[in-house]
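Below: one structure, written as structure tokens.
The values are calculated or read from the model by the stated rules, or taken from the named source; none is laboratory data. This one's a predicted model, so the numbers in the text were calculated from it and none came from an experiment. For neighbour counting, all protein chains shown are included, and Cβ atoms are generated from backbone atoms with ideal geometry for every residue, glycine included. Ligands, DNA and RNA are stripped out before the accessible areas are found, and what is left, the full protein with its side chains, is counted by its heavy atoms. Shrake-Rupley method; radii C 1.70, N 1.55, O 1.52, S 1.80 Å.
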Amino acid sequence: MQDSDIRALADLAISAREKSYSPYSGFRVGAALLCRGGKIYTGANIENAAYTPTVCAERVAFFKAVNDGEREFIAVAVAGGAESGAPKDFFPPCGVCRQVMAEFCSEDFKIIMAAEGKTRVYTLGELLPANFGKEFMDGKNENV
Ligand code: THU
């Protein structure tokens with residue numbers, strides 16, 4: 001991905017925060033997911049009074065895309081913070097979201113942390129090494 005594509009996805013994640021429903025934490029998260037065909041899905045975190053039904057922004061974006069039939073993904077950008085406008089600092093996607101990414105994405109899938117005027121790019125392989133996948137249920141577990 002070119003720097004300009006990374007910045008554009010980062011800015012979509014930042015504006016996706018406007019849809020956040022986060023009355024309990026006040027931590028407003030947005031995600032923008034780039035599919036292989038070029039389509040982009042956004043998501044925001046949706047909280048719940050019972051707390052545990054809360055869904056993170058990344059999973060909202062992934063499930064929207066998967067429900068639309070998308071199965072191949074290039075990158076996701078994430079942005080979060082209590083402030084309105086662009087967050088000043090990065091945050092890393094939670095472990096549950098990383099595991100959802102691992103279901104559909106290869107090790108080189110890009111995870112872009114987005115903040116005001118800056119981005120940091122990781123791969124899924126860096127952030128979730130030795131992840132559990134269907135190969136272990138198929139008995140092909142030579143990677144561990
Ligand atoms: N959250 C996300 O949306 N993504 C993450 O990867 C980490 C956490 C949300 C969940 C909750 O609504 C709020 O941030 C505080 O945990």
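Each listed q (0.12, 0.16, 0.22, 0.30 Å⁻¹) maps to a log10 I(q)/I(0) for region 4-57 from the Debye sum over equal C-alpha point scatterers, namely -0.30, -0.49, -0.76, -1.08.
About the centre of its Cα atoms, the chain shows a dipole size close to 260 debye [charges on the beta carbon of Lys, Arg (+1) and Asp, Glu (-1) only; nearest 20 debye].
Only Cα pairs under 8 Å and at least 6 apart count here; give the relative contact order of the chain as a rounded whole percent.
Contact order relative to length: 21 percent.
Among the protein heavy atoms, those of residue 40 account for about 70 Å² of accessible surface (1.4 Å probe, every chain in place).
Per residue, the accessible area of region 1-42 comes to 55 Å², computed with a 1.4 Å probe over protein heavy atoms only. Each residue of region 52-63 was assigned a 3J(HN,Hα) from its phi angle through the Karplus curve 6.51 cos²θ - 1.76 cosθ + 1.60 (θ = phi - 60°); the sequence is 5, x, 3, 10, 6, 4, 4, 6, 4, 4, 5, 6 Hz, with glycine and proline shown as x. Other residues with beta-carbon under 13 Å from the beta-carbon of residue 83 carry, at +1 per Lys or Arg and -1 per Asp or Glu, a net charge of 0. For the pair residue 132 and residue 49, how long in nm is the line joining their label points, each one 7 Å along Cα→Cβ? The modelled label-to-label distance comes out at 3.3 nm. Of the residues 122, 24, 51, ranked by 1.4 Å probe accessible area with the largest first, the sequence reads 51, 24, 122. Taking the inverse of the mean 1/r over every pair of distinct Cα atoms in the chain gives a Kirkwood hydrodynamic radius of 15.3 Å.
In this structure, the amide hydrogen of residue 109, modeled 1.01 Å from its nitrogen in the peptide plane, lies closer than 5 angstrom to those of 124, 125, counting only residues at least 5 positions away or on a different chain. Taking a sphere under 10 Å around the Cβ of residue 36 and counting the other residues whose Cβ falls inside, with K and R at +1 and D and E at -1, yields a net charge of 0.
Can you compute the helix-only [θ] at 222 nm over the chain? Use -39500 (n - 2.57) per DSSP H run of at least 4 residues, normalise by all residues, nearest 500 deg cm²/dmol.
It comes out at -8500 deg cm²/dmol, rounded to the nearest 500.
Of 29, 96, 78, the residue with the greatest mean-square motion in the GNM of the chain, using alpha carbon springs below 10 Å, is 96. Per the Cα gyration tensor, region 27-89 maps to an equivalent ellipsoid with semi-axes of 22, 16, 7 Å, ordered largest to smallest. Note that region 20-35 has calculated 3J(HN,Hα) couplings of 4, 10, 9, x, 8, 8, x, 9, 9, 10, x, 9, 9, 10, 8, 8 Hz, one per residue in order, obtained from phi through the Karplus relation 6.51 cos²θ - 1.76 cosθ + 1.60 (θ = phi - 60°); glycine and proline are x. Separation of the alpha carbons by more than 18 angstrom is noted, of 39/118; 64/134; 19/64, for 39/118; 64/134. When the chain is described by a simple charge dipole with +1 on each Lys and Arg Cβ and -1 on each Asp and Glu Cβ, the residue from 35, 15, 63 located farthest towards its positive end is 15. Among 49, 114, 13, the residue with the largest mean-square fluctuation in a Gaussian network model of the chain, with springs joining Cα atoms closer than 10 Å, is 49. By the Stokes-Einstein formula, at 0.692 mPa s and 37 °C, region 95-144 with its Kirkwood radius over alpha-carbon pairs has D equal to 273 µm²/s. Remark: spin-label model distance residue 122-residue 91 equals 1.4 nm, labels positioned 7 Å along the Cα→Cβ axis.
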